[in-house]
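> I'd like to ask you about the structure that follows.
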Amino acid sequence: MPDAQTTEQTVRLAFVKQASSCRGLGSPFTAALCTLAAERLTAAHPVGEKILSWLGDPSPYGDSVPLRLAGALHALVLAGADPQLAAVYPPNAAAPDDLWNAVEHACRTHVAFILDRLKSAPQTNEVRRSAALLPGFLTISSLFRKPLVLSEVGASAGLNLYWDHYAYRLGDMSWALQPSPVLIAPEWTGPTPPNVPVEIASRAGCDLNPLNPAREDDALRLLAYLWADQTDRLERTRLALAIAAANRQIVECADAVDWLARRLQPVHEDQVHVIYHTIAWQYLPKPLQEKGEALIAAAGARATESAPLARLQMEADDQKHSAALSLQVWPSGEKHPIGRADFHGRWVEWIGWPCLQ
């Protein structure tokens, strides 16, 4: 077991790494907040003591402790619970000393709230990831010409379950099944994806800690994990929450592998069952990943031309600052990389399915 000094150094390094990620993803405010925490956080109050003695992996690849703290502080601002903190948060500008003094005051004033928020992993139901998913769904529809049965692993509040309720601009192509207040227009490179009819037969999602978009507290929690200086993300997510709430989408509280075992049992004749996930699979422990892979492979072996299966993924790999897009389809088992995307969906580099290019 590491000693207290080693643990503290590990925690501070986690904040440094998170600051670097935030800079790269366009949030100078959150980068500054994490940098200040790395340098100035102390164990002089229960919040600092809890963070600096964190049991587990505090890094962005583990428990994401910096984002837990950032989310707790942002929640106080969004709820109007701490005027002093709100005064130094965007759209206001503040000197580093003023920002940190307000953070320290919040940590001492809202101990129970922040400690409670530190217990939960961050949830960023990033709506713009749907811009990376859409060309994958269009590819699946082009390959099979059947209605889609959607099953999303790690669906959070279900915002990316309703990707067909948003409008898109993917390079020269505009796409919308219906008028939508949510327009997603990433920086696009690559060929135009297939523009074919899409029909959704049904949809469902699971999450270990699902959020209900119709509940004010859950909506606030989701918004709090967005970065305070990225007002476009906040507004887009508010609009998407309203769409999900209006459609009464409820994500099932379930372990991913147990849920997949149930979802993969029925045969969907004349429909294609699509398993998909975005920046979620990596958080499953290795044994559960292997079990999930085996379940999907077994379902693929049972797939037929009249009841095919597809798996669409947007997940981190060995390349930094972006995620790999891949698609596998059965009964053939054919699998290809189909592109890359920014973690927040700001850009998409599309490759596409070989036979459709």
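The values are calculated or read from the model by the stated rules, or taken from the named source; none is laboratory data. A quick note: this is a predicted structure, and the numbers were derived from the prediction, not measured. Reconstructed Cβ throughout: ideal geometry from the backbone, glycine too, with neighbour counts over all protein chains shown.
> Only one residue in 75, 93, 79 is of a type in the set (Gly, Ala, Ser), free of Cβ contacts under 8 Å to residues at least 60 places away in the same chain and closer than 18 Å to residue 227 by Cα. Which one? Before the answer, list the steps.
Details: 75 fails: free of Cβ contacts under 8 Å to residues at least 60 places away in the same chain; 79 fails: free of Cβ contacts under 8 Å to residues at least 60 places away in the same chain.
Within the list 75, 93, 79, the selection yields 93.
> Within segment 28-46, can one find any residue that is in contact (Cβ under 8 Å) with a residue 40 or more places away in the chain, more than 23 Å from residue 109 (Cα to Cα) and surrounded by fewer than 18 Cβ atoms within 10 Å (Cβ to Cβ)? Walk me through it before giving the result.
Step one: list which residues in segment 28-46 are in contact (Cβ under 8 Å) with a residue 40 or more places away in the chain, which gives 28-30, 32-33, 36-37, 40, 45-46.
Adding the requirement that they be more than 23 Å from residue 109 (Cα to Cα) leaves 28.
Filter once more, keeping what is surrounded by fewer than 18 Cβ atoms within 10 Å (Cβ to Cβ): 28.
Within segment 28-46 (the criterion being in contact (Cβ under 8 Å) with a residue 40 or more places away in the chain, more than 23 Å from residue 109 (Cα to Cα) and surrounded by fewer than 18 Cβ atoms within 10 Å (Cβ to Cβ)), the answer is yes, since at least one residue qualifies.
> Name the pairs whose Cβ atoms lie under 6 Å apart, with the first residue in segment 228-239 and not assigned by TED's automatic domain parsing to the domain that holds residue 346, the second at pLDDT below 95 and surrounded by fewer than 16 Cβ atoms within 10 Å (Cβ to Cβ), and 6 or more positions between them or separate chains?
none
> Every residue in segment 186-208 that is small (Gly, Ala, Ser) and over 19 Å from residue 154 (Cβ atoms), please.
Step one: list which residues in segment 186-208 are small (Gly, Ala, Ser), which gives 190, 201-202, 204-205.
The answer is 190, 201.
> Quick check: is even one residue across segment 47-58 of a type in the set (Val, Ile, Thr), surrounded by fewer than 19 Cβ atoms within 10 Å (Cβ to Cβ) and within 13 Å of residue 104 (Cβ to Cβ)? Steps first, answer last, please.
Here is the first cut: in segment 47-58, the ones of a type in the set (Val, Ile, Thr) are 47, 51.
Checking which are surrounded by fewer than 19 Cβ atoms within 10 Å (Cβ to Cβ) leaves us with none.
No; the residues of segment 47-58 include none that is of a type in the set (Val, Ile, Thr), surrounded by fewer than 19 Cβ atoms within 10 Å (Cβ to Cβ) and within 13 Å of residue 104 (Cβ to Cβ).
> Report the residue count in segment 127-151 for those that are at positive phi and in a strand (DSSP E or B).
Step one: filter segment 127-151 for residues at positive phi, giving 145.
If we keep only those that are in a strand (DSSP E or B) too, we end up with none.
Summing the residues that are at positive phi and in a strand (DSSP E or B) in segment 127-151 gives 0.
> May I ask you to list the residues in segment 126-167 that are among the polar types (S, T, N, Q) and either over 17 Å from residue 269 (Cβ atoms) or over 17 Å from the mean Cα position of the chain (by Cα) (or both)?
First, pick out the residues of segment 126-167 that are among the polar types (S, T, N, Q): 130, 139, 141-142, 151, 156, 160.
Of everything in segment 126-167, those that are among the polar types (S, T, N, Q) and either over 17 Å from residue 269 (Cβ atoms) or over 17 Å from the mean Cα position of the chain (by Cα) (or both) turn out to be 130, 139, 141, 142, 156, 160.
> Ok, one more. Determine if segment 177-194 includes at least one residue that is touching a residue at least 12 places away in the same chain (Cβ under 8 Å), aromatic (Phe, Trp, Tyr) and not in a strand (DSSP E or B).
Our first condition is that a residue be touching a residue at least 12 places away in the same chain (Cβ under 8 Å); within segment 177-194, this holds for 177-194.
So of that shortlist, the ones also aromatic (Phe, Trp, Tyr) come out as 188.
If we keep only those that are not in a strand (DSSP E or B) too, we end up with none.
No, segment 177-194 contains no residue that is touching a residue at least 12 places away in the same chain (Cβ under 8 Å), aromatic (Phe, Trp, Tyr) and not in a strand (DSSP E or B).
> Have a look at 168, 162 and point out the one that is surrounded by 15 or more Cβ atoms within 10 Å (Cβ to Cβ), without any contact (Cβ under 8 Å) to a residue 60 or more places away in the chain, closer than 28 Å to residue 349 by Cβ and touching a helix residue (DSSP H, G or I) at 6+ places or on another chain (Cβ under 8 Å).
Sole residue among the options that is surrounded by 15 or more Cβ atoms within 10 Å (Cβ to Cβ), without any contact (Cβ under 8 Å) to a residue 60 or more places away in the chain, closer than 28 Å to residue 349 by Cβ and touching a helix residue (DSSP H, G or I) at 6+ places or on another chain (Cβ under 8 Å): 168.
> Which residue, of 344, 336, is surrounded by 13 or more Cβ atoms within 10 Å (Cβ to Cβ), of a type outside the set (Gly, Ala, Ser), closer than 18 Å to residue 277 by Cβ and at pLDDT below 95?
So the residue among 344, 336 that is surrounded by 13 or more Cβ atoms within 10 Å (Cβ to Cβ), of a type outside the set (Gly, Ala, Ser), closer than 18 Å to residue 277 by Cβ and at pLDDT below 95 is 344.
> Looking for whichever is surrounded by fewer than 23 Cβ atoms within 10 Å (Cβ to Cβ) and modelled with pLDDT of 95 or more here; the options are 205, 136, 190. Which one fits?
Unique residue meeting the criteria: 190.
> Report yes if residue 59 is assigned to a helix (DSSP H, G or I) and hydroxyl-bearing (Ser, Thr, Tyr), otherwise no. Walk me through how you get there before you give the answer.
Details: assigned to a helix (DSSP H, G or I): no; hydroxyl-bearing (Ser, Thr, Tyr): yes.
Answer is no for this residue.
> If you scan segment 260-306, which residues turn out to be touching a helix residue (DSSP H, G or I) at 6+ places or on another chain (Cβ under 8 Å), farther than 16 Å from residue 208 by Cβ and free of Cβ contacts under 8 Å to residues at least 24 places away in the same chain?
none
> Only one of these is surrounded by fewer than 20 Cβ atoms within 10 Å (Cβ to Cβ), over 30 Å from residue 277 (Cβ atoms) and of a type outside the set (S, T, N, Q): 106, 93. Name it. Outline the logic, then answer.
Details: 106 fails: surrounded by fewer than 20 Cβ atoms within 10 Å (Cβ to Cβ).
Just one listed residue meets the conditions, 93.
> Go through (1) surrounded by fewer than 17 Cβ atoms within 10 Å (Cβ to Cβ); (2) part of a loop (DSSP other than H, G, I, E, B) for residue 249 and report which single condition fails.
Going through (1) surrounded by fewer than 17 Cβ atoms within 10 Å (Cβ to Cβ); (2) part of a loop (DSSP other than H, G, I, E, B) one by one, residue 249 breaks only (1).
> Run residue 318 past the list (1) out of contact with any strand residue (DSSP E or B) (no Cβ under 6 Å at 6 or more places or on another chain); (2) over 18 Å from residue 141 (Cα atoms); (3) at pLDDT 95 or above and report the number of the one that doesn't hold.
Evaluating residue 318 over (1) out of contact with any strand residue (DSSP E or B) (no Cβ under 6 Å at 6 or more places or on another chain); (2) over 18 Å from residue 141 (Cα atoms); (3) at pLDDT 95 or above leaves (3) as the failure.
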